[in-house]
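Every number here is computed from the coordinates shown, using simple stated rules; none is lab data. All of these numbers come straight from a predicted model, not from anything done at the bench. Virtual Cβ from ideal backbone geometry, glycine too; neighbours counted across all protein chains shown.
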Amino acid sequence: MLNKMDDIHQLEQLDKQHFLHPTSSIEQQQTLGPAFIFREGKGIYLSDVKGNVVIDGMSSLWNVNIGHGRLEIGEAAREQMAKLAYSSCFATFSNEPAIRLAAKLAKIAPGQLSAVFYTSGGSEANDTAYKLARHYWSIKGMPEKKKIISRTKSYHGVSVGATSATGLQPFREFSGSLAPDFLHVDQFDTDELRQLIIREGAESIAAFLAEPVQGAGGVHIPPENYFAEVRKICDEFNLLLITDEVITGFGRTGKWFGIEHYGVTPDMMCIAKGITSGYAQLGGVMISKEINETFKQRSGGTFLHGFTYSGHATACAIALKNLEIIEREQLVSNAKVRGDELLAGLKQLKNESEIIENVRALGLMAAIEFKENKTTTPFSPQVVAEAAKRGLICRAVTFNGQDTVVIAPPLIIKKAEVEKVIQILRETINA
Ligand code: PMP
């Protein structure tokens with residue numbers, strides 16, 4: 001237990017000296033130290049070494065769907081680790097949790113998605129999907145179908161492939177150099193998509209890639225008929241449709257998978273985050289029966305794609321327990337009900353406030369977009385900093401000229417807790 005100020009100070013110094021943080025301001029770390037050193041989590045709450053208690057209004061990184069501190073998950077992990085923590089899945093070696101989880105995923109996934117390739121997270125899932133799409137066309141005798149089209153505000157991860165697919169400019173610039181064969185179209189513009197395919201030639205394009213609801217890009221919810229139109233275009237031009245459900249999967253939007261709101265089925269689906277609610281690192285790509293059968297028909301040779309941790313037994317056992325909890329506690333429908341309440345509360349805030357331009361939500365993915373600001377500093381970072389002081393973690397999105405705060409609490413959130421979130425946001429915005 002850390003409670004002495006000296007110990008905390010030492011931790012802060014060690015953090016500053018030795019810990020290069022992911023997606024963080026190094027300047028902020030070096031001047032102020034780590035924003036929080038979390039020690040415990042329970043339900044929707046996190047507490048830090050200084051005794052601050054905050055609502056985890058982002059489910060950490062949109063992923064802790066079942067909330068923090070679920071001992072059942074620890075039990076499942078302990079049980080699996082005591083038997084077999086890990087063994088390789090290369091060379092057709094297998095293990096029971098990986099097999100059972102694959103079958104479970106095939107059952108809950110939309111449409112004809114029937115098999116899974118396991119990764120450790122969402123970026124690996126994305127890179128895998130691009131490679132599998134190209135491999136698929138290659139087997140079908142169309143090896144020149146290589147290009148991947150994605151969208152301008154998209155986020156698909158930070159590996160070189162996933163960064164190349166990502167549309168958000170700052171991530172692309174940070175990468176220094178990007179992979180070839182990635183193209184981008186504007187948000188929700190199916191005419192532009194069609195024109196781009198015609199211009200480039202469908203014979204050179206492998207797939208269109210999209211998040212059902214864009215997360216990191218600012219919670220952008222597509223018009224109702226958008227994905228039906230996209231599916232039509234993919235079919236017309238012989239492109240695979242890959243949906244990136246890394247955030248929207250496993251109940252986040254009030255359905256098991258985000259694409260189910262739009263009545264279409266993808267050919268491949270990237271998954272991660274909510275598959276384990278963050279209790280272990282796991283992701284994957286689900287592929288359609290058609291793609292699966294095509295891979296099976298290719299005889300001889302080795303399928304030369306695999307990560308050391310593909311099919312990690314303990315991660316898969318944790319995922320199985322997590323999915324059991326989501327089902328048992330009906331968290332998918334809770335996300336819908338609580339999401340509707342959250343949206344109603346945000347609409348109320350918009351009515352009360354002069355600085356809010358727009359609010360939106362699908363399930364428990366929500367955003368507050370601020371009006372254009374007379375000063376040079378956007379509202380959203382100030383709101384996020386002030387909300388944290390009042391006990392709520394949310395996130396600012398300022399990419400591509402946006403000024404938006406996003407909120408995505410754990411799916412276990414209760415009605416009274418939604419009201420508390422709204423109340424903290426009200427006090428913050430008023431201040
Ligand atoms: N795709 C989407 C839609 C994401 O939101 C993220 C992560 N926020 C990723 C991919 C990358 O996942 P990871 O950070 O697990 O590599």
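With a Förster radius of 35 Å applied to the beta-carbon distance between ASN430 and ASP181, the computed FRET efficiency rounds to 0.10. Convex hull of alpha carbon positions in region 71-328: directionally averaged projected area 13.6 nm². The slack in the chain from SER204 to GLU173, taken as 0.36 nm per residue of separation less the alpha-carbon distance, amounts to 8.6 nm. Considering only GLY311, PHE93, ILE326, whose Cα is most displaced toward the positive end of the charge dipole of region 71-328, charges sitting on Cβ of Lys, Arg (+1) and Asp, Glu (-1)? Among GLY311, PHE93, ILE326, the one farthest towards the positive end of the dipole of region 71-328 is PHE93. Would you mind getting me the FRET efficiency between LYS371 and LYS131? Use the beta-carbon distance for r and R0 = 45 Å, nearest 0.05. Plugging the Cβ-Cβ distance into 1/(1 + (r/R0)^6) gives 0.55. A Förster distance of 22 Å, applied to the separation of the beta-carbon atoms of LYS16 and ALA385, puts the FRET efficiency at 0.65.
Counting only DSSP beta bridges with both residues in the chain, the antiparallel share comes to about 70 percent.
3J(HN,Hα) couplings calculated from phi for region 58-70 with the Karplus curve 6.51 cos²θ - 1.76 cosθ + 1.60 (θ = phi - 60°) are, in sequence order, 10, 6, 6, 10, 6, 10, 7, 4, 8, x, 7, x, 8 Hz; Gly and Pro show x. Percent of alpha carbon pairs in region 238-366 separated by more than 25 Å? Distances greater than 25 Å cover 41 percent of the Cα pairs. Net length available on complete extension from VAL160 to GLN30 is 44.1 nm, with 0.36 nm assigned per residue and the Cα-Cα distance removed. Here are some pairs, LYS321/LYS415; LYS232/LYS371; LYS104/LYS296; LYS42/LYS255; LYS104/LYS336; LYS4/LYS389; which of them have Cα atoms lying more than 30 Å apart in this structure? In this structure, LYS232/LYS371 exceed 30 Å between Cα atoms. Amide H to amide H distances under 5 Å link GLY283 with THR119, SER120, GLY121, where only residues 5 or more positions off or on other chains count and H is placed in the peptide plane. Counting neighbouring beta carbons within 10 Å and listing from fewest to most, the residues LEU342, LEU71, LEU196 come out as LEU71, LEU196, LEU342. Ordering 239-250, 415-426, 345-356, 148-159 by mean Cβ neighbour count within 10 Å, with the highest value first, yields 239-250, 148-159, 415-426, 345-356.
A DSSP coil position with no more than 12 other Cβ atoms inside 10 Å describes none of the chymotrypsin sites (Phe, Trp or Tyr not before Pro) in region 336-431. Mark the label point 7 Å from the Cα of THR308 along Cα→Cβ and return the residues of region 65-81 whose backbone N is within less than 20 Å of it. The answer is 81, whose backbone nitrogens lie closer than 20 Å to the label point. Spin-label model, HIS9/SER87: points 7 Å from Cα along the beta carbon direction are separated by 5.2 nm. Across all C-alpha atoms in the chain, the radius of gyration and Dmax reach 21.8, 67 Å. Counted residue by residue at 0.36 nm each, then reduced by the alpha carbon distance between them, the extension gain from GLU192 to GLN423 reaches 79.0 nm. Each part reduced to its alpha carbon centroid, region 1-75 and region 110-149 end up 35 Å apart.
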